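Trainee: To start, I am sharing the structure in question, which I have written as structure tokens.
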């Protein structure tokens, strides 16, 4: 019985741990700084605490055991497990800092990325989508980022001293041949793509990946949305036209149909034009967007669009002083892009094909021109992770591009087939360095040439907030078709980029500064000593050209983005400094090109009036004077006055019988500043034509109505 | 010998219930503390305790409260980076919680709401998450008072033009209060939060 009592007592005692003493100590970082808010717990017990601001902790009523296991963790530090004996009363614990959450480092040299999927990008797709533009235009939004120069009279992205043709827009991996509506001399055209098509944007102002090519300066990588969130119908009525959308969503499939008709004539009643139009810009078009996902997580995307546009206006005919001539354009564009993404074991397959055809019929004064281009592109990319974080990407693409130009009695044609292969790897060296190294090979059937372009970039993460990046690469591009029409003995044009970047990002504030140097080689240069013509309406140069042109661009881009300092206000400031000169095309001597400007400033502000659904936006742009041609002065030594623009936008939305209604107003150059884009001089330099914006002030207003059967809009129940 | 076995059996049951009591006692104590804690110091201590408890007892309750603690921490911190780090911890913990539990779905909604408080630019992801989680929670348990509270909170802070406003919010708070008053559960450790806040809004 006594023995039984002992067992009884033993079990009783064993199930009632004895609390006798307390432990205390301090948690510090390797730099001996106290760690505040670190969790300290004793394994296999319910005993736990956290450290105070001096890193100190204490736990009372510690169970009596020979050894205890302490688990210590804190945000931003690696976990620590420490064995202690209860005799030890004062415990010092040193935690090592986690190296800047290296799960994903965005190599920031030369690149602005906006993505919801990657947590560490400094921009979100929403930030891009809300840059004021009417109609919403992906290219206008990107043009507010540093590295771009504004060229009022031309569409296109002019990146770091590059011409518009040196930037390629790439949708889901495939180059878009005609991202903008067809050119009208002196009048910049809109882009064809709305910001709302894309879930991710990556704008590279230099040193871009080996996965892409055919762009001397820059690529704009656009990733389209996946399966739509919900079914909806939308009608947009504005002073510029009408458009509608029907989206139907099934389980893993969605189909959207968009149609639009526009005519700017009514808006010209308010927006006084500097040009005389006999047909104001008008057009119609539509697109279908189909998305379907399979059970294995693969996704198939199809986008097909058709656009028709027309305009007839009087433009300066600079070959005859003071004369204006009628310019009319009739453009048709078809674009189809389809991609398929699927995971096979460790490999991810991205396959895509695109087709586009653009047909323009142009009459200018007495001449008639038919311009046509077609592009057929196929692309296959395989990628896989190696280990946890390293990545290997290999791929091939074939581009078949055809150009035709019938200029009165003359006719020109070009069919280029460009085959490219590339391999790239992304890897980490320790915890602080991420690198991307790639190689791209391109062969042209027209040039009978092959080039090999190495690309490299590296990021060094100093800590969670500070990062340095550097980039280097060789970039090639075919000469413009206007040169290849008459001369097939040309070779690839070439640029080499060197980039250094520093980025600080903390507390919803980002500061970025990037310096670059870009060296141009083998640019096409005309060898005829003809007069320089600033106005290049469908000029087909003679056969006398070679690749003896060259040039450079260097500069500094600064970006400050602040979503924090002022409540409900997001703003960014982008500043670009550019120093560039080149000898190319029909330039007689090396000069700063007409599309370059030394200083560009963009301030983008977005404000949501608290407790309302009113959003206001103000954008300010400054572009310093650009070179223009005056035949009696040294070549391109004159500068236009600077261009200033203040854009206002506002929208207000509310519900009307389950339908979401949004009214919007967009006003370009609200101050009505009399900007001057350029001057066209007569041959003797005595007379000149002043190139101004098509209108000094433009105002557009409209209403966007989303019809809903149920109170669900974009997956949100109201 | 028979008595010895009996004694053993009793002792085993005793020590087992003792451990259970300890678990419950610690949990109840800390759940209560979490209800009133607002400063980072005490919240950090509480999440640490729930971590310790979950280490020993793999039950959804301690994980739930640890997650709730991190959500409250994301509010308590002043610095955005710390706010983000805390809400990220909550997101990691949410992944380990059962998705068929209405309280977990309400917690997910609370997470989304607090994420938006830190970074509203990601509303396209988090507003649908907030709405869908509450809708699912109500499908599973239409009597969960906290789901109406959070819906009310969203409405209350939305502009009137967007079908929100104080009146709309109050309606949902009233509905929530009715549910709070008739709320019954056999689970001693079930979440209790929300009633005080609803009372505060209703007395405004």
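The values are calculated or read from the model by the stated rules, or taken from the named source; none is laboratory data. On a predicted model such as this, the values are computed, not experimentally measured, just so you know. Cβ sites come from the backbone with ideal geometry, for glycine too, and all protein chains shown count toward neighbours.
Trainee: Report, by residue number, each residue of region B:40-49 that is more than 8 Å from every other protein chain (Cβ to nearest Cβ) and touching a helix residue (DSSP H, G or I) at 6+ places or on another chain (Cβ under 6 Å). Quick ask: steps written out before the conclusion?
Mentor: Step one: of region B:40-49, the residues more than 8 Å from every other protein chain (Cβ to nearest Cβ) are B:42-43, B:46.
Of everything in region B:40-49, those that are more than 8 Å from every other protein chain (Cβ to nearest Cβ) and touching a helix residue (DSSP H, G or I) at 6+ places or on another chain (Cβ under 6 Å) turn out to be B:43, B:46.
Trainee: Among A:640, A:623, which is the only one that is assigned by TED's automatic domain parsing to the domain that holds residue A:571, closer than 27 Å to residue A:566 by Cβ, at pLDDT 95 or above and surrounded by 15 or more Cβ atoms within 10 Å (Cβ to Cβ)?
Mentor: Details: A:640 fails: closer than 27 Å to residue A:566 by Cβ.
Matching residue, one of A:640, A:623: A:623.
Trainee: Six or more apart or on different chains, Cβ under 8 Å: which pairs go from a residue in region A:479-506 that's within 14 Å of chain B (Cβ to nearest Cβ) to one that's assigned to a loop (DSSP other than H, G, I, E, B)? Could you list them?
Mentor: Close Cβ pairs satisfying both conditions: A:504/A:465; A:505/A:122; A:505/A:465; A:506/A:464; A:506/A:465.
Trainee: So, of the residues in region A:567-596 that are within 14 Å of another protein chain (Cβ to nearest Cβ) and outside any strand (DSSP E or B), which turns out to be farthest from the chain's Cα centre (by Cα)?
Mentor: The residue in question is A:567.
Trainee: Residue check: is residue B:153 crowded, with 17+ Cβ neighbours inside 10 Å, out of contact with any strand residue (DSSP E or B) (no Cβ under 9 Å at 6 or more places or on another chain) and not in a loop (DSSP other than H, G, I, E, B)?
Mentor: On the way: crowded, with 17+ Cβ neighbours inside 10 Å: yes; out of contact with any strand residue (DSSP E or B) (no Cβ under 9 Å at 6 or more places or on another chain): yes; not in a loop (DSSP other than H, G, I, E, B): yes.
For residue B:153, the condition - crowded, with 17+ Cβ neighbours inside 10 Å, out of contact with any strand residue (DSSP E or B) (no Cβ under 9 Å at 6 or more places or on another chain) and not in a loop (DSSP other than H, G, I, E, B) - is met.
Trainee: Restricting attention to region B:10-36, which residues are farther than 18 Å from residue A:45 by Cβ and at pLDDT below 70?
Mentor: Of everything in region B:10-36, those that are farther than 18 Å from residue A:45 by Cβ and at pLDDT below 70 turn out to be B:10, B:11, B:12, B:13, B:14, B:17.
Okay, residues lined up against (1) assigned by TED's automatic domain parsing to the domain that holds residue A:421; (2) within 30 Å of residue A:693 (Cα to Cα); (3) at pLDDT 95 or above; (4) assigned to a strand (DSSP E or B):
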{"residue": "A:297", "(1), (2), (3), (4)": "yes, no, no, no"}
{"residue": "A:307", "(1), (2), (3), (4)": "yes, yes, yes, yes"}
{"residue": "A:339", "(1), (2), (3), (4)": "yes, no, yes, yes"}
{"residue": "A:349", "(1), (2), (3), (4)": "yes, no, yes, yes"}
{"residue": "A:354", "(1), (2), (3), (4)": "yes, no, yes, yes"}
{"residue": "A:363", "(1), (2), (3), (4)": "yes, yes, no, yes"}
{"residue": "A:388", "(1), (2), (3), (4)": "yes, no, no, no"}
{"residue": "A:395", "(1), (2), (3), (4)": "yes, no, yes, yes"}
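Trainee: Now for a different question. Suppose the filter is away from chain B (no Cβ under 14 Å), over 30 Å from residue B:159 (Cα atoms) and assigned to a strand (DSSP E or B); does residue A:666 pass it?
Mentor: On the way: away from chain B (no Cβ under 14 Å): yes; over 30 Å from residue B:159 (Cα atoms): no; assigned to a strand (DSSP E or B): yes.
No, not satisfied.
Trainee: Criterion first (surrounded by 15 or more Cβ atoms within 10 Å (Cβ to Cβ), under 11 Å from the mean Cα position of the chain (by Cα) and assigned to a helix (DSSP H, G or I)) does residue B:23 satisfy it? Outline the logic, then answer.
Mentor: Working: surrounded by 15 or more Cβ atoms within 10 Å (Cβ to Cβ): yes; under 11 Å from the mean Cα position of the chain (by Cα): no; assigned to a helix (DSSP H, G or I): yes.
Against the criterion (surrounded by 15 or more Cβ atoms within 10 Å (Cβ to Cβ), under 11 Å from the mean Cα position of the chain (by Cα) and assigned to a helix (DSSP H, G or I)), residue B:23 does not qualify.
Trainee: Also, quick follow-up: Only residues that are closer than 21 Å to residue B:89 by Cβ and surrounded by fewer than 18 Cβ atoms within 10 Å (Cβ to Cβ): list them for region A:34-51, please.
Mentor: If the condition is that a residue be closer than 21 Å to residue B:89 by Cβ and surrounded by fewer than 18 Cβ atoms within 10 Å (Cβ to Cβ), then A:34, A:43 are the ones that fit.
Trainee: Since residue A:217 meets every condition but one in (1) within 21 Å of residue A:287 (Cα to Cα); (2) more than 14 Å from every other protein chain (Cβ to nearest Cβ), which condition does it not meet?
Mentor: Of everything listed in (1) within 21 Å of residue A:287 (Cα to Cα); (2) more than 14 Å from every other protein chain (Cβ to nearest Cβ), residue A:217 misses just condition (1).
This table checks each residue for (1) touching a strand residue (DSSP E or B) at 6+ places or on another chain (Cβ under 9 Å); (2) part of a strand (DSSP E or B); (3) modelled with pLDDT under 90.
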{"position": "A:210", "(1), (2), (3)": "yes, no, no"}
{"position": "A:216", "(1), (2), (3)": "yes, no, no"}
{"position": "A:219", "(1), (2), (3)": "yes, yes, no"}
{"position": "A:229", "(1), (2), (3)": "yes, no, yes"}
{"position": "A:243", "(1), (2), (3)": "yes, yes, no"}
{"position": "A:251", "(1), (2), (3)": "yes, no, yes"}
{"position": "A:259", "(1), (2), (3)": "yes, yes, no"}
{"position": "A:262", "(1), (2), (3)": "yes, yes, no"}
{"position": "A:266", "(1), (2), (3)": "yes, no, no"}
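Trainee: Scan region A:231-241 for residues that are outside any strand (DSSP E or B), over 27 Å from the mean Cα position of the chain (by Cα) and closer than 30 Å to residue A:695 by Cβ and report the count. Walk me through it before giving the result.
Mentor: Let us first name the residues in region A:231-241 that are outside any strand (DSSP E or B), namely A:231, A:239-240.
Checking which are over 27 Å from the mean Cα position of the chain (by Cα) leaves us with A:231, A:239.
Subset that is closer than 30 Å to residue A:695 by Cβ: A:239.
Qualifying residue count for the region: 1.
Trainee: When the residues of region A:79-97 are narrowed to those that are assigned to a loop (DSSP other than H, G, I, E, B) and free of Cβ contacts under 8 Å to residues at least 24 places away in the same chain, which ends up nearest to residue A:28 (Cα to Cα)? Full working, then the answer.
Mentor: Step one: of region A:79-97, the residues assigned to a loop (DSSP other than H, G, I, E, B) are A:79, A:86-89, A:96.
With free of Cβ contacts under 8 Å to residues at least 24 places away in the same chain added as a condition, the list becomes A:79, A:87.
Details: A:79: 13, A:87: 21 Å.
Selected residue: A:79.
Trainee: Given the condition closer than 30 Å to residue A:404 by Cβ and part of a loop (DSSP other than H, G, I, E, B), answer yes or no: does some residue in region A:544-551 qualify?
Mentor: Looking for residues that are closer than 30 Å to residue A:404 by Cβ and part of a loop (DSSP other than H, G, I, E, B), one finds at least one in region A:544-551, hence yes.
Trainee: When region B:63-82 is examined, which residues are found to be part of a helix (DSSP H, G or I) and either facing another protein chain (nearest Cβ under 9 Å) or in contact with a strand residue (DSSP E or B) (Cβ under 9 Å, 6 or more places away or on another chain) (or both)?
Mentor: B:73, B:80, B:81, B:82
Trainee: Of all the residues that make up region A:446-491, how many are under 20 Å from residue A:213 (Cβ atoms), assigned to a loop (DSSP other than H, G, I, E, B) and in contact with a strand residue (DSSP E or B) (Cβ under 9 Å, 6 or more places away or on another chain)?
Mentor: Step one: of region A:446-491, the residues under 20 Å from residue A:213 (Cβ atoms) are A:446-457, A:471-481, A:483-484, A:490-491.
Among the residues that remain, those that are also assigned to a loop (DSSP other than H, G, I, E, B) are: A:446-448, A:478-480, A:490-491.
Checking the rest, the ones that are also in contact with a strand residue (DSSP E or B) (Cβ under 9 Å, 6 or more places away or on another chain) come to A:446-447, A:478-480, A:490-491.
Qualifying residue count for the region: 7.
Trainee: Let me ask you something else. What single numbered condition from (1) surrounded by fewer than 23 Cβ atoms within 10 Å (Cβ to Cβ); (2) over 29 Å from residue A:690 (Cβ atoms); (3) touching a strand residue (DSSP E or B) at 6+ places or on another chain (Cβ under 9 Å) fails to hold for residue A:136?
Mentor: With (1) surrounded by fewer than 23 Cβ atoms within 10 Å (Cβ to Cβ); (2) over 29 Å from residue A:690 (Cβ atoms); (3) touching a strand residue (DSSP E or B) at 6+ places or on another chain (Cβ under 9 Å) applied to residue A:136, the lone miss is (3).
Trainee: Shifting gears a bit: What's the total number of residues in region A:29-53 that are over 17 Å from residue B:85 (Cβ atoms), at the interface with chain B (Cβ under 7 Å from one of its Cβ atoms) and not in a strand (DSSP E or B)?
Mentor: Residues meeting the conditions: 6.
Trainee: Further, regarding this structure: For region A:597-614, does any single residue satisfy the condition of being under 24 Å from the mean Cα position of the chain (by Cα) and not in a strand (DSSP E or B)?
Mentor: yes
Trainee: Residues of region B:119-150 being within 11 Å of chain A (Cβ to nearest Cβ), out of contact with any strand residue (DSSP E or B) (no Cβ under 8 Å at 6 or more places or on another chain) and either under 22 Å from residue A:226 (Cβ atoms) or at pLDDT below 90 (or both), which ones?
Mentor: B:119, B:120, B:122, B:123, B:124, B:125, B:126, B:129, B:130, B:132
Trainee: Moving to a separate point now. Applying the selection to region A:54-78, what residues are facing another protein chain (nearest Cβ under 8 Å) and either part of a loop (DSSP other than H, G, I, E, B) or more than 17 Å from residue A:27 (Cα to Cα) (or both)?
Mentor: A:75, A:76
Trainee: Filter region A:600-615 for residues that are away from chain B (no Cβ under 14 Å) and without any contact (Cβ under 8 Å) to a residue 60 or more places away in the chain; which is nearest to residue A:576 (Cα to Cα)?
Mentor: For region A:600-615, the residue satisfying everything is A:601.
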